[in-house]
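S.K.: Questions regarding the structure given below will be posed in turn.
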Amino acid sequence: MMKLPALRILVVDDDDDIRQSLNNYLADRGHDVTLADSAERAVDLLQAHPIDVVITDVRMSAMDGFELLAHIQKTDPSIDVVVVTAFGDVESAVRAMREGAFDFFAKPFKVQDISAALQRTARFQQLRRDIERYRTRLQLVIDAGRQTSGIDALIGSSQ
């Protein structure tokens with residue numbers, strides 16, 4: 001199995017214990033972890049730092065996790081968002097997925113489940129990069145073909 005790259009992860013939760021636990025677990029596995037105690041702080045950090053994945057709580061003061069998810073979907077949909085909440089009802093899970101969350105977990109969650117979700121997001125991000133690279137290559141081939149067609153037309157008209 002291919003080794004997955006370290007991810008740049010932003011953990012957003014107003015519970016210091018959850019933030020620190022996730023920080024310790026994820027950093028020990030080689031990920032670059034940034035912490036935010038509010039969605040507003042997360043928005044600032046997203047503007048200042050490149051981030052691959054956001055793990056966010058839903059219920060926070062002022063701006064909640066769903067509003068943060070909407071902001072991320074609008075400003076940089078390449079960032080995957082994992083939603084966690086102590087109020088893990090089916091309605092919240094469905095809403096999170098419909099609004100573009102990569103995954104959803106009810107608290108208390110197992111860090112191994114978060115780790116598995118991060119492995120999946122790393123694979124999807126690698127696939128997205130591969131697709132973009134292939135699109136770029138295909139566009140180069142198409143452009144080269146157009147230039148060749150133009151040269152052939154010029155040669156044909158000069159004879």
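S.K.: Cut-off 10 angstrom, C-alpha nodes, Gaussian network model of the chain. Which of Val82, Val11, Val43 fluctuates the most?
M.R.: In this elastic network of the chain, the residue with the biggest mean-square fluctuation among Val82, Val11, Val43 is Val43.
S.K.: Additional query: Return His49, His71, His31 ranked ascending by Cβ neighbour count within 10 Å, so the fewest neighbours appear first.
M.R.: Numbers: His49 11, His71 16, His31 21.
So the residues, fewest neighbours to most, are His49, His71, His31.
S.K.: Could you compute the net charge surrounding Ser92? Neighbours are other residues with a C-beta less than 15 Å from the C-beta of Ser92; K and R count +1, D and E count -1.
M.R.: Neighbour charge sum, excluding Ser92 itself: -3.
S.K.: Follow-up question, since we're still on this one. Starting with the fewest neighbours, write out Met60, Met97 ranked by other beta-carbon atoms found within 10 Å of each beta-carbon.
M.R.: Working: Met60 22, Met97 13.
Taking fewest neighbouring Cβ atoms as first place, the list is Met97, Met60.
S.K.: Mean separation of Cα pairs under 8 Å and 6+ residues apart, divided by the residue count of segment 8-130: what relative contact order is that in percent? Intermediate values should be presented prior to the final figure.
M.R.: Working: 176 pairs, mean separation 25.9, N = 123.
Relative contact order for segment 8-130 comes out at 21 percent.
S.K.: Another question, then. Starting from the Cα-Cα distance between Val94 and Lys107, subtract it from 0.36 nm times their residue separation and give me the gain in nm to one decimal.
M.R.: Values: separation 13, 0.36 × 13 = 4.68 nm, distance 1.60 nm.
Additional length available on full extension: 3.1 nm.
S.K.: Related question: Apply the Karplus parameterisation 6.51 cos²θ - 1.76 cosθ + 1.60, with θ equal to phi minus 60°, to every residue of segment 61-66 and state each ³J(HN,Hα) to the nearest whole Hz, in sequence, with x for glycine and proline.
M.R.: Couplings: 5, 6, 7, 9, x, 5 Hz.
S.K.: Turning to a different aspect of this structure: Roughly how many debye, to the nearest 20, is the charge dipole of the chain about its Cα centre, given +1 on each Lys and Arg Cβ, -1 on each Asp and Glu Cβ, and no other charges? Don't skip to the answer; put the middle values down first.
M.R.: On the way: 19 positive and 25 negative charges, 185 e Å.
Here the chain has a charge dipole of around 900 debye.
S.K.: Can you list the trypsin sites (Lys or Arg not before Pro) in segment 86-124 that are in a DSSP coil and have 14 or fewer other beta carbons within 10 angstrom?
M.R.: Numbers: sites: Arg95, Arg98, Lys110, Arg120, Arg123; in loops: Lys110.
The qualifying sites are Lys110.
S.K.: Another question, if that's okay. With a 10 Å Cβ neighbour count serving as the proxy for reagent exposure, in which order, fewest first, do Asp28, Asp80 appear?
M.R.: Working: Asp28 9, Asp80 25.
Going from least to most buried by this count: Asp28, Asp80.
S.K.: Along each principal axis of its Cα atoms, how long is segment 17-159 end to end? Whole angstroms, biggest number first, please.
M.R.: In descending order, the Cα extents are 79, 31, 30 Å.
S.K.: Expressed in nm to one decimal, what extension gain is obtained for the pair Arg120 and Gln73 from 0.36 nm per residue of sequence separation less their Cα-Cα distance? Provide the component values of the computation, followed by the final result.
M.R.: Values: separation 47, 0.36 × 47 = 16.92 nm, distance 1.86 nm.
Length gained, Arg120 through Gln73: 15.1 nm.
Laboratory data are not the source of any read-out in this text; all were calculated from the coordinates shown. Remember, predicted model here, so these are calculated numbers, not experimental data. Here the Cβ is made from the backbone with ideal geometry for all residues, glycine too, and neighbour counts use every protein chain on show.
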